[in-house]
(Lines give C-alpha, C1' and ligand atoms only; values in the text may rest on other atoms or scores of the structure.)
Protein backbone atom coordinates (compact mmCIF):
# COMPACT_ATOMS: atom_id res chain seq x y z
CA UNK A 1 0.00 0.00 0.00
CA UNK A 2 1.17 3.51 -0.72
CA UNK A 3 1.19 6.01 2.13
CA UNK A 4 -2.00 7.98 2.84
CA UNK A 5 -1.81 11.10 0.70
CA UNK A 6 -3.71 13.95 -0.91
CA UNK A 7 -2.79 15.66 -4.18
CA UNK A 8 -4.34 18.86 -5.49
CA UNK A 9 -3.51 20.65 -8.73
CA UNK A 10 -4.74 24.03 -9.85
CA UNK A 11 -3.77 26.37 -12.66
CA UNK A 12 -3.51 30.08 -11.89
CA UNK A 13 -3.15 33.04 -14.23
CA UNK A 14 -0.26 34.65 -12.35
CA UNK A 15 3.52 34.49 -12.07
CA UNK A 16 5.24 31.87 -9.93
CA UNK A 17 6.47 34.69 -7.64
CA UNK A 18 2.92 35.86 -7.01
CA UNK A 19 1.71 32.33 -6.25
CA UNK A 20 4.63 31.79 -3.88
CA UNK A 21 3.84 35.06 -2.13
CA UNK A 22 0.12 34.23 -1.85
CA UNK A 23 1.06 31.06 0.07
CA UNK A 24 3.84 32.46 2.24
CA UNK A 25 3.64 36.20 2.95
CA UNK A 26 1.69 37.26 6.07
CA UNK A 27 -0.20 39.97 4.16
CA UNK A 28 -1.44 37.36 1.68
CA UNK A 29 -2.02 34.37 3.98
CA UNK A 30 -4.18 36.65 6.13
CA UNK A 31 -6.59 36.51 3.18
CA UNK A 32 -5.90 33.22 1.41
CA UNK A 33 -5.25 31.02 4.43
CA UNK A 34 -7.95 32.26 6.79
CA UNK A 35 -5.69 34.49 8.86
CA UNK A 36 -2.83 32.14 9.66
CA UNK A 37 0.78 33.21 9.26
CA UNK A 38 3.99 31.25 8.88
CA UNK A 39 6.58 31.58 11.62
CA UNK A 40 9.90 30.61 10.04
CA UNK A 41 12.99 32.23 8.55
CA UNK A 42 12.48 30.32 5.27
CA UNK A 43 15.82 28.56 5.16
CA UNK A 44 16.45 24.85 4.72
CA UNK A 45 16.48 23.14 8.10
CA UNK A 46 14.70 26.02 9.84
CA UNK A 47 11.84 25.37 12.21
CA UNK A 48 8.41 26.18 10.81
CA UNK A 49 5.11 26.91 12.47
CA UNK A 50 1.70 27.90 11.20
CA UNK A 51 0.15 30.31 13.71
CA UNK A 52 -3.48 31.31 14.14
CA UNK A 53 -4.34 35.02 14.53
CA UNK A 54 -4.85 34.47 18.28
CA UNK A 55 -1.33 33.07 18.63
CA UNK A 56 -2.21 29.38 18.94
CA UNK A 57 0.00 27.07 16.90
CA UNK A 58 -1.93 25.20 14.21
CA UNK A 59 0.89 23.10 12.80
CA UNK A 60 4.62 22.79 13.33
CA UNK A 61 7.62 21.24 11.65
CA UNK A 62 10.64 22.10 9.59
CA UNK A 63 11.62 23.43 6.18
CA UNK A 64 13.03 20.34 4.44
CA UNK A 65 13.57 21.93 1.02
CA UNK A 66 13.14 25.45 -0.27
CA UNK A 67 13.69 26.69 -3.81
CA UNK A 68 11.76 29.93 -4.13
CA UNK A 69 9.49 30.29 -6.13
CA UNK A 70 9.42 26.71 -7.38
CA UNK A 71 9.43 24.22 -4.55
CA UNK A 72 8.81 24.08 -0.82
CA UNK A 73 8.83 20.88 1.25
CA UNK A 74 7.61 21.05 4.84
CA UNK A 75 7.83 18.48 7.58
CA UNK A 76 4.40 18.99 9.12
CA UNK A 77 2.55 17.93 12.22
CA UNK A 78 -0.81 19.17 13.41
CA UNK A 79 -0.64 20.79 16.86
CA UNK A 80 -4.18 21.86 17.72
CA UNK A 81 -6.28 18.74 17.30
CA UNK A 82 -5.07 15.82 19.48
CA UNK A 83 -6.49 13.17 17.15
CA UNK A 84 -4.58 14.68 14.22
CA UNK A 85 -1.40 15.27 16.20
CA UNK A 86 -1.52 11.62 17.22
CA UNK A 87 -1.01 10.59 13.59
CA UNK A 88 2.44 12.17 13.72
CA UNK A 89 4.54 13.62 10.94
CA UNK A 90 3.53 14.28 7.42
CA UNK A 91 5.25 15.90 4.47
CA UNK A 92 3.76 18.72 2.46
CA UNK A 93 5.25 19.50 -0.94
CA UNK A 94 4.28 22.66 -2.82
CA UNK A 95 5.42 22.88 -6.44
CA UNK A 96 4.94 25.79 -8.84
CA UNK A 97 5.75 25.20 -12.50
CA UNK A 98 5.21 27.15 -15.67
CA UNK A 99 2.34 25.70 -17.69
CA UNK A 100 2.52 25.88 -21.45
CA UNK A 101 -0.15 28.57 -21.68
CA UNK A 102 -0.92 31.72 -19.73
CA UNK A 103 -0.92 30.09 -16.29
CA UNK A 104 1.29 28.40 -13.74
CA UNK A 105 0.59 24.93 -12.40
CA UNK A 106 0.42 24.69 -8.61
CA UNK A 107 0.61 21.22 -7.08
CA UNK A 108 0.22 20.51 -3.37
CA UNK A 109 0.98 16.98 -2.20
CA UNK A 110 0.39 16.09 1.42
CA UNK A 111 1.54 12.65 2.56
CA UNK A 112 1.43 11.05 5.98
CA UNK A 113 4.63 9.30 7.10
CA UNK A 114 2.77 6.63 9.05
CA UNK A 115 -0.71 5.18 9.09
CA UNK A 116 -4.03 6.91 9.62
CA UNK A 117 -6.71 8.76 7.70
CA UNK A 118 -7.66 11.72 9.91
CA UNK A 119 -4.94 14.21 8.95
CA UNK A 120 -5.24 13.47 5.25
CA UNK A 121 -9.03 13.80 5.50
CA UNK A 122 -8.62 17.15 7.25
CA UNK A 123 -6.15 18.56 4.72
CA UNK A 124 -8.28 17.21 1.86
CA UNK A 125 -11.00 19.53 3.07
CA UNK A 126 -8.69 22.47 3.73
CA UNK A 127 -6.41 22.65 0.70
CA UNK A 128 -9.15 23.14 -1.93
CA UNK A 129 -10.48 26.10 0.08
CA UNK A 130 -7.04 27.70 0.52
CA UNK A 131 -5.94 27.09 -3.06
CA UNK A 132 -9.25 28.32 -4.48
CA UNK A 133 -8.60 31.50 -2.49
CA UNK A 134 -5.07 31.81 -3.87
CA UNK A 135 -6.38 31.52 -7.42
CA UNK A 136 -9.26 33.94 -6.91
CA UNK A 137 -7.15 36.54 -5.09
CA UNK A 138 -4.44 36.55 -7.77
CA UNK A 139 -6.85 36.52 -10.72
CA UNK A 140 -9.61 38.80 -9.45
CA UNK A 141 -8.22 40.67 -6.45
CA UNK A 142 -10.61 39.03 -3.99
CA UNK A 143 -10.81 35.68 -2.21
CA UNK A 144 -13.71 33.28 -2.64
CA UNK A 145 -13.96 31.85 0.90
CA UNK A 146 -13.79 34.29 3.80
CA UNK A 147 -13.73 31.79 6.67
CA UNK B 1 -35.82 6.90 -16.89
CA UNK B 2 -32.33 5.56 -16.92
CA UNK B 3 -31.24 1.93 -16.76
CA UNK B 4 -27.88 2.89 -15.27
CA UNK B 5 -27.23 1.40 -11.83
CA UNK B 6 -24.99 4.02 -10.18
CA UNK B 7 -24.25 1.73 -7.24
CA UNK B 8 -21.96 -0.30 -9.50
CA UNK B 9 -19.61 2.68 -9.88
CA UNK B 10 -16.74 3.39 -7.46
CA UNK B 11 -15.31 6.93 -7.19
CA UNK B 12 -11.69 7.04 -8.37
CA UNK B 13 -10.99 10.72 -8.95
CA UNK B 14 -12.54 13.61 -7.01
CA UNK B 15 -11.84 17.31 -7.57
CA UNK B 16 -13.23 20.12 -5.43
CA UNK B 17 -13.09 23.80 -6.26
CA UNK B 18 -14.74 26.87 -4.76
CA UNK B 19 -16.13 29.39 -7.23
CA UNK B 20 -17.42 32.92 -6.65
CA UNK B 21 -20.66 32.44 -8.60
CA UNK B 22 -24.22 31.28 -8.10
CA UNK B 23 -25.19 27.58 -8.33
CA UNK B 24 -27.30 28.45 -11.37
CA UNK B 25 -24.33 30.00 -13.16
CA UNK B 26 -22.08 27.03 -12.40
CA UNK B 27 -24.75 24.58 -13.59
CA UNK B 28 -25.13 26.51 -16.85
CA UNK B 29 -21.36 26.58 -17.32
CA UNK B 30 -21.25 22.79 -17.07
CA UNK B 31 -24.20 22.15 -19.37
CA UNK B 32 -24.21 24.89 -22.04
CA UNK B 33 -21.94 24.91 -25.08
CA UNK B 34 -21.19 28.64 -25.07
CA UNK B 35 -19.36 28.07 -21.78
CA UNK B 36 -17.76 24.65 -22.39
CA UNK B 37 -16.23 25.80 -25.69
CA UNK B 38 -14.26 28.38 -23.71
CA UNK B 39 -12.89 26.22 -20.90
CA UNK B 40 -13.25 22.55 -21.93
CA UNK B 41 -10.54 22.15 -24.58
CA UNK B 42 -12.81 23.77 -27.18
CA UNK B 43 -15.45 21.05 -26.83
CA UNK B 44 -19.14 21.94 -27.11
CA UNK B 45 -21.50 20.14 -24.76
CA UNK B 46 -24.77 18.87 -26.21
CA UNK B 47 -27.36 17.50 -23.81
CA UNK B 48 -30.90 16.25 -23.86
CA UNK B 49 -31.81 17.85 -20.53
CA UNK B 50 -33.58 14.93 -18.88
CA UNK B 51 -32.69 11.70 -17.12
CA UNK B 52 -31.99 9.11 -19.80
CA UNK B 53 -31.20 11.79 -22.40
CA UNK B 54 -28.05 11.83 -24.49
CA UNK B 55 -24.85 13.61 -23.43
CA UNK B 56 -22.11 14.56 -25.87
CA UNK B 57 -18.99 16.69 -26.03
CA UNK B 58 -18.39 17.69 -29.64
CA UNK B 59 -15.07 18.68 -31.18
CA UNK B 60 -14.94 21.91 -33.22
CA UNK B 61 -15.33 19.84 -36.42
CA UNK B 62 -18.59 18.38 -35.07
CA UNK B 63 -17.22 14.93 -34.34
CA UNK B 64 -18.21 13.26 -31.07
CA UNK B 65 -15.33 13.22 -28.59
CA UNK B 66 -17.26 12.10 -25.49
CA UNK B 67 -20.65 10.44 -25.39
CA UNK B 68 -22.92 9.12 -22.69
CA UNK B 69 -26.31 9.19 -21.07
CA UNK B 70 -27.76 11.68 -18.60
CA UNK B 71 -28.12 9.81 -15.30
CA UNK B 72 -29.30 12.72 -13.18
CA UNK B 73 -30.55 16.13 -14.26
CA UNK B 74 -31.27 18.23 -11.16
CA UNK B 75 -30.49 21.88 -11.88
CA UNK B 76 -28.81 23.68 -10.21
CA UNK B 77 -27.57 21.09 -7.69
CA UNK B 78 -26.48 18.01 -9.56
CA UNK B 79 -25.72 16.75 -13.02
CA UNK B 80 -24.50 13.21 -13.68
CA UNK B 81 -23.85 11.34 -16.89
CA UNK B 82 -22.08 8.27 -18.16
CA UNK B 83 -18.94 9.05 -20.12
CA UNK B 84 -17.24 7.16 -22.93
CA UNK B 85 -14.27 8.53 -24.83
CA UNK B 86 -15.54 7.98 -28.37
CA UNK B 87 -13.00 10.21 -30.08
CA UNK B 88 -9.81 8.33 -29.21
CA UNK B 89 -9.04 4.96 -30.83
CA UNK B 90 -9.25 2.06 -28.38
CA UNK B 91 -11.13 3.92 -25.65
CA UNK B 92 -14.63 3.42 -27.03
CA UNK B 93 -14.61 -0.26 -26.04
CA UNK B 94 -13.79 0.40 -22.38
CA UNK B 95 -16.62 0.37 -19.81
CA UNK B 96 -18.19 3.82 -19.48
CA UNK B 97 -17.38 5.87 -16.40
CA UNK B 98 -19.81 8.00 -14.43
CA UNK B 99 -19.13 11.71 -14.03
CA UNK B 100 -21.09 13.57 -11.35
CA UNK B 101 -21.03 17.29 -10.68
CA UNK B 102 -22.34 18.35 -7.27
CA UNK B 103 -22.98 22.05 -6.74
CA UNK B 104 -23.47 23.29 -3.18
CA UNK B 105 -23.73 26.72 -1.63
CA UNK B 106 -20.66 27.47 0.51
CA UNK B 107 -20.90 30.88 2.15
CA UNK B 108 -21.33 33.40 -0.66
CA UNK B 109 -19.72 31.00 -3.09
CA UNK B 110 -20.24 27.56 -4.59
CA UNK B 111 -18.44 24.33 -3.85
CA UNK B 112 -18.20 22.31 -7.06
CA UNK B 113 -17.29 18.64 -6.67
CA UNK B 114 -16.49 16.54 -9.72
CA UNK B 115 -16.49 12.79 -9.11
CA UNK B 116 -15.27 10.34 -11.74
CA UNK B 117 -16.44 6.82 -10.85
CA UNK B 118 -15.78 3.50 -12.57
CA UNK B 119 -17.63 0.21 -12.85
CA UNK B 120 -14.55 -1.99 -13.31
CA UNK B 121 -11.13 -2.47 -11.76
CA UNK B 122 -9.57 0.22 -13.93
CA UNK B 123 -5.74 0.40 -13.91
CA UNK B 124 -4.27 3.59 -12.40
CA UNK B 125 -2.57 4.36 -15.69
CA UNK B 126 -5.92 4.75 -17.42
CA UNK B 127 -7.00 7.18 -14.70
CA UNK B 128 -4.01 9.42 -15.34
CA UNK B 129 -5.65 11.22 -18.26
CA UNK B 130 -8.56 12.37 -16.14
CA UNK B 131 -6.36 13.14 -13.17
CA UNK B 132 -4.28 15.45 -15.35
CA UNK B 133 -7.22 16.88 -17.26
CA UNK B 134 -9.83 17.70 -14.63
CA UNK B 135 -7.69 20.20 -12.67
CA UNK B 136 -6.92 22.10 -15.88
CA UNK B 137 -10.53 22.08 -17.07
CA UNK B 138 -12.06 23.06 -13.75
CA UNK B 139 -9.38 25.70 -13.05
CA UNK B 140 -10.23 27.20 -16.41
CA UNK B 141 -13.97 27.08 -15.59
CA UNK B 142 -13.31 28.94 -12.34
CA UNK B 143 -11.30 31.61 -14.17
CA UNK B 144 -14.06 32.00 -16.75
CA UNK B 145 -16.83 32.47 -14.20
CA UNK B 146 -14.89 34.72 -11.84
CA UNK B 147 -12.90 36.87 -14.24
CA UNK B 148 -14.65 36.40 -17.58
CA UNK B 149 -11.69 34.73 -19.25
CA UNK B 150 -10.84 31.04 -19.41
CA UNK B 151 -7.25 29.83 -19.22
CA UNK B 152 -5.37 28.57 -22.24
CA UNK B 153 -3.53 25.54 -20.93
CA UNK B 154 -1.85 23.30 -23.45
CA UNK B 155 -1.81 19.81 -22.03
CA UNK B 156 0.92 17.32 -22.75
CA UNK B 157 -0.03 14.15 -24.62
CA UNK B 158 -1.52 11.55 -22.23
CA UNK B 159 1.39 9.16 -22.67
CA UNK B 160 0.80 7.25 -19.43
CA UNK B 161 -2.86 6.70 -20.31
CA UNK B 162 -2.04 5.53 -23.84
CA UNK B 163 0.61 3.14 -22.52
CA UNK B 164 -1.92 1.73 -20.03
CA UNK B 165 -4.41 1.22 -22.84
CA UNK B 166 -1.81 -0.55 -24.97
CA UNK B 167 -0.90 -2.80 -22.02
CA UNK B 168 -4.58 -3.63 -21.53
CA UNK B 169 -5.05 -4.64 -25.16
CA UNK B 170 -2.10 -7.04 -25.10
Residues that are surrounded by fewer than 16 Cβ atoms within 10 Å (Cβ to Cβ) and either within 13 Å of another protein chain (Cβ to nearest Cβ) or in contact with a strand residue (DSSP E or B) (Cβ under 7 Å, 6 or more places away or on another chain) (or both), drawn from segment B:1-31: B:6, B:10, B:11, B:14
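Among the residues of segment A:123-132, is any modelled with pLDDT of 95 or more and more than 16 Å from the chain's Cα centre (by Cα)?
First pass over segment A:123-132, keeping only residues modelled with pLDDT of 95 or more: A:123-132.
Okay, now just the ones that are also more than 16 Å from the chain's Cα centre (by Cα), so none.
Within segment A:123-132, not a single residue is modelled with pLDDT of 95 or more and more than 16 Å from the chain's Cα centre (by Cα).
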Test: residue A:38 is away from chain B (no Cβ under 14 Å), under 14 Å from the mean Cα position of the chain (by Cα) and within 18 Å of residue B:17 (Cα to Cα): no
Filter result (within 13 Å of residue B:25 (Cα to Cα), facing chain A (nearest Cβ under 7 Å) and surrounded by fewer than 21 Cβ atoms within 10 Å (Cβ to Cβ)) within segment B:141-158: B:146
Check on residue B:42, within 14 Å of another protein chain (Cβ to nearest Cβ), surrounded by fewer than 15 Cβ atoms within 10 Å (Cβ to Cβ) and either under 28 Å from residue B:125 (Cβ atoms) or modelled with pLDDT under 95 (or both): yes
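Is it the case that residue B:88 is within 14 Å of chain A (Cβ to nearest Cβ), more than 20 Å from residue B:21 (Cβ to Cβ) and not in a helix (DSSP H, G or I)?
no
Each row is one residue, and each column tells you yes or no for (1) surrounded by fewer than 22 Cβ atoms within 10 Å (Cβ to Cβ); (2) under 14 Å from the mean Cα position of the chain (by Cα); (3) in contact (Cβ under 8 Å) with a residue 12 or more places away in the chain.
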| site | (1), (2), (3) |
| --- | --- |
| B:79 | no, yes, yes |
| B:86 | yes, yes, yes |
| B:93 | yes, no, no |
| B:97 | no, yes, yes |
| B:100 | yes, yes, yes |
| B:104 | yes, no, yes |
| B:111 | yes, no, yes |
Selected residue (criterion: surrounded by the fewest Cβ atoms within 10 Å (Cβ to Cβ)) from residues of segment A:2-18 that are farther than 22 Å from residue A:136 by Cα and either at pLDDT 95 or above or within 13 Å of another protein chain (Cβ to nearest Cβ) (or both): A:2
Test for residue B:136: is it free of Cβ contacts under 8 Å to residues at least 60 places away in the same chain and surrounded by fewer than 21 Cβ atoms within 10 Å (Cβ to Cβ): no
Residue in segment A:26-34 that is surrounded by 17 or more Cβ atoms within 10 Å (Cβ to Cβ), modelled with pLDDT of 95 or more and part of a strand (DSSP E or B) present: no
Some residue of segment A:125-142 being surrounded by fewer than 20 Cβ atoms within 10 Å (Cβ to Cβ), in contact (Cβ under 8 Å) with a residue 60 or more places away in the chain, within 13 Å of another protein chain (Cβ to nearest Cβ) and in a strand (DSSP E or B): no
Whichever residue in segment A:66-101 is touching a strand residue (DSSP E or B) at 6+ places or on another chain (Cβ under 7 Å), surrounded by fewer than 15 Cβ atoms within 10 Å (Cβ to Cβ) and part of a strand (DSSP E or B) and, among such residues, is modelled with the lowest pLDDT: A:98
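Restricting to segment B:113-133, and then to whatever is in a loop (DSSP other than H, G, I, E, B) and touching a residue at least 60 places away in the same chain (Cβ under 8 Å), can you tell me which residue is farthest from the other protein chains (Cβ to nearest Cβ)?
B:119
Using the structure shown, decide if residue A:105 is under 20 Å from residue B:17 (Cα atoms) and out of contact with any strand residue (DSSP E or B) (no Cβ under 9 Å at 6 or more places or on another chain).
Numbers: under 20 Å from residue B:17 (Cα atoms): yes; out of contact with any strand residue (DSSP E or B) (no Cβ under 9 Å at 6 or more places or on another chain): no.
In short, no.
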Check on residue A:78, in contact (Cβ under 8 Å) with a residue 40 or more places away in the chain, within 14 Å of chain B (Cβ to nearest Cβ), under 29 Å from residue B:131 (Cβ atoms) and under 15 Å from the mean Cα position of the chain (by Cα): no
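The values are calculated or read from the model by the stated rules, or taken from the named source; none is laboratory data. Everything numeric in this text was worked out from a predicted model, so none of it was measured. All Cβ positions, glycine included, derive from the backbone under ideal geometry; neighbour counts span all protein chains shown.
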